[in-house]
Structure formats: C-alpha cells, structure tokens
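Computed from the coordinates by the stated procedures, all read-outs in this text should not be read as laboratory data. What you see is a predicted model, and the numbers here were worked out from it, not measured in a lab. Methodologically, a virtual Cβ is constructed for each residue, glycine included, from the backbone with ideal geometry; neighbour enumeration extends over all protein chains shown.
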Amino acid sequence: MPNIKIVTDSTLDLPKHILEENDIIVVPLSITIDGESYVDGIDIAPDEFIRKMKQSEELPKSSQPPAGQFLDVFNSLTADGSEVIAIHMTSKMSGTVQSAQTAAQMAEGKVTVIDSKYISHALAFQVLEAAKMAKEGKSSEEIVARMDQIQKATRLFVVVDTLDNLVKGGRIGKGKAMLSSLLNIKPIASLDTGEYTPVAKVRSQSQIVKYLVKQLLQDSEGKEIKGIGITEADAMELSIKLKEAILEVTSLEDVTINATTPVISTHTGVGAIGFMYYAE
C-alpha cells in the first residue's frame, strides 16, 4: 500500500511543533494589509497582525495559494510513489479548495482533495486524525470516510466582539454596527455548514460562556469529546473564562487556547474567539 502524505493550509491554527511532529505539510495563504503582502503564519505573527489591523482603515484581504504552488508541492510529495490527501478550509470562505483541486487534476501522482467545511481547530481535528491514520497505514479511502464522520460530529462557534470588520467588508451597515455597539450586543455564530450563520445575541462575557458551555454539554451528552479547542484574536481573558468553565463541568484535563492566524482574524476582527469541538 502506498505511503500517504497529508497536506493542509495555514488556517488550521496549530503551532509549528505539532505540525512537524505529525509530518503535516502546510501550503500557506497570503494576506494583504495596507498595501503590504505577507505569507500567513510565516512573515507576520498573529499579535503583530492584530496591531496592524486595529490601525488599518481598510479590511485586510486574504488570497488562496495559486494552483501552481499546490502543483509543485503535490508533484514533489508524490515523486516517490506516495499518495497525497489535501484537507483545506471551507470552500464557502476561500478559493483554496478549488485551487488545490485544479492542481490535483494536473498532478503526476494521486492527490485527493477534501473540503473540510471548517476552519481553525475544526479543520485541525480532521487533519490530525488523517495524519494519525496515515502513520497507521490506513488507505486513502478509509481516511476520506473518517473525515466525513468527523465533519458530521463537529461544531464551531464564533463570537465577534466588534462588527468593524463586517462593516469594512460591506457585510453590514454602519448604523446597525453602531446600534449593536451601543447595546453592547455580542453576536454568536456557527459555522456548521461552512457558512457564517448567526445563532444568538448576548451582552456579556458570562452570557457567552454560559451559551457555549450549554451547547457543548448538549452535543456531547452520552458521547466522548474527541477534540476541543479555543482560538482567540486578542481575547485571552474571555478564552480563559470559557476554558475554566469547561473544565469545571467536564472530565477534560485541558482545553487548548491558540492565537488565530491572520487569515482567520481578517474574517472575525479583533476581540473574537472561536470555540470548536467534536464528540462521538
């Protein structure tokens, strides 16, 4: 059975040492802010990007890796007869999947491209499991089937602190954003279909924590929580509150908190958190 190598993109919000330990190859997106372009996760650190975003008048723009870049990676990895499984961020938020699919059709070896339908840790759940299965010698068909199972068991919530990026991106009007700000409304959205879908509006950090913990307990009742993570864009205080509340009501020993990559921060804005888990 051929060796299988796992490829993903820079939106999975995992630290470098975890990627290296699991032999995961990352093809990064790029990000442009105030006329300067950066390679996501390489040229600019999350905290530096947050600082620039706070000062910027315009919404940063992210760009998927070009098909040619994917093709070079795929051909290099399959040159020894290996197969590649490439698992990428939701196609509803980026053209990364399409770019990888274009390259896969031209690649000299066998490449399977999967739309994870998620971002951040929720993408990482699939990538880490695929890497583990590849090391165990599982077939590409078995890995693809398992990714589908994890997708169906995953939940992802985003809590936005400020609507500035949604205004800059033309998604909502300034009047609506100003009203939400005056009322101190914090929208909570899910990303269960690959799209940003508002599910609740709350007014305090304690209400945010209460809502998210309640969802976790409902979704994991009678099941085992197989993966869980929090990502934050300059929102460590809220992230720690959520983590502490989760540890109080579950048997989990830890909940990982990571900084969001610049591509994710562009969508969410400053002060946002992402909360993801899957239970089976």
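Of the residues V97, V249, V84, the one that moves most in a GNM of the chain with alpha-carbon contacts below 10 Å is V249.
Return the lysines within reach of K132: Cα separation strictly under 30 angstrom, same-chain partners fewer than 8 residues apart disregarded; answer none if there are no such residues. Hits, sequence-local ones excluded: K5, K16, K92, K110, K117, K152, K223, K226, K243. According to the calculation over all Cα-Cα pairs in the stretch 1-50, the P(r) per 5 Å bin from zero is 4, 17, 27, 20, 13, 9, 4, 3, 1, 0 %.
For the stretch 93-108, backbone phi angles converted through the Karplus equation (6.51, -1.76, 1.60; θ = phi - 60°) give residue-by-residue couplings of 10, 6, x, 4, 4, 4, 5, 5, 5, 4, 5, 4, 5, 9, 5, 6 Hz, Gly and Pro being listed as x. Taking L252, L12, L59 in turn, the Gaussian network model of the chain (Cα-Cα springs below 10 Å) assigns the largest fluctuation to L252. Here the relative contact order of the chain, from alpha carbon pairs under 8 Å that lie six or more residues apart, stands at 22 percent. From the alpha carbon centroid of the stretch 68-111 to that of the stretch 1-50 is 15 Å. Taking the chain as a Gaussian network of alpha-carbon nodes connected by springs under 10 Å, the highest mean-square fluctuation of the residues G95, G229, G269 belongs to G95. In this rough spin-label picture, where each label sits 7 Å from Cα along the Cβ direction, the K241-E57 distance is 3.5 nm.
Taking the stretch 87-136, how much of its Cα-Cα pair set, in percent, is spaced more than 11 angstrom apart? When all Cα pairs of the stretch 87-136 are counted, 68 percent exceed 11 Å. Take the Cβ atoms of D219 and K138, set R0 to 25 Å, and the FRET efficiency comes out at 0.40. Approximating the spin labels as points 7 Å out from Cα along Cα→Cβ, the D47-to-A79 distance works out to 3.9 nm. Match the structure shown to one of the listed values (1) 18.8, 61; (2) 18.3, 57; (3) 17.4, 55 of Rg and Dmax of the Cα atoms in Å, computed from it, and give that label. Working out Rg and Dmax of the Cα atoms in Å from the coordinates points to (1).
Summed over qualifying helices (DSSP H, 4 residues or more, each -39500 (n - 2.57)) and divided by its residue number, the chain shows a 222 nm mean residue ellipticity of -13000 deg cm²/dmol.
Computed over the Cα atoms of the stretch 30-153, pair by distinct pair, the Kirkwood hydrodynamic radius stands at 16.0 angstrom.
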